[in-house]
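What follows is a short report on a single structure.
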Amino acid sequence: MDVNLLKGNLDLILLSVLEREGGYGQDIAKRVDALTQGEIRLNAGSLYPALHRLERAGYLQAAETLPARGGPPVRTYTLTVAGRQELDRRRDGYRAFDGALRRLW
C-alpha cells in the first residue's frame, strides 16, 4: 500500500472505524488491521497524532477508561456528532475522487 494514500486518508480511516464503536489507540489499530485483512497497518507515530488532531477539531471525544483486560487507564475515543458529519463529508469527497479516477482507467 502506498504510504501517501494512507496519509491522505488516515482521518477517513479513523472516523470510519470509530463510527462502529469507540476504542483506544492500540484497539483501533488492531481493528483497522483486521478489517482490512492486513492491508492497512497503523503505527503509533501516525495514529496518535491523528487521534489528537481529530479530538482538537471536535470530531472525537476522549475519556479515560479502565481496559477490560486490566491495567492502567487508557484514552478511549468516540465519534461526536460533528465527527459523524465530517465522516459523511469525507466519504462523499472520497467517492467523487474515486469515481473521477476510475473514469481515467
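Do you know which of the residues in segment 71-103 that are touching a helix residue (DSSP H, G or I) at 6+ places or on another chain (Cβ under 7 Å) and among the aromatic types (F, W, Y) is farthest from G23 (Cα to Cα)? The residue in question is Y94. List the helices (runs of 4 or more DSSP H) inside the chain, counting only whole elements, that have at least 3 residues being touching a residue at least 24 places away in the same chain (Cβ under 8 Å) and more than 11 Å from the chain's Cα centre (by Cα). It comes to 81-104. The test for being modelled with pLDDT under 95 and either in contact with a His (Cβ under 7 Å, 6 or more places away or on another chain) or hydrophobic (A, V, I, L, M, F, W, C) (or both) does not hold for A57.
Check Q26, Q61, Q37, Q85 and return the single one that is exposed (fewer than 11 other Cβ atoms within 10 Å of the Cβ) and among the polar types (S, T, N, Q).
Numbers: Q26 fails: exposed (fewer than 11 other Cβ atoms within 10 Å of the Cβ); Q61 fails: exposed (fewer than 11 other Cβ atoms within 10 Å of the Cβ); Q85 fails: exposed (fewer than 11 other Cβ atoms within 10 Å of the Cβ).
On inspection, the qualifying residue turns out to be Q37.
The values are calculated or read from the model by the stated rules, or taken from the named source; none is laboratory data. What you see is a predicted model, and the numbers here were worked out from it, not measured in a lab. Because the Cβ atoms are built from the backbone with ideal geometry, glycine has one as well, and the counts that use them run over all protein chains shown.
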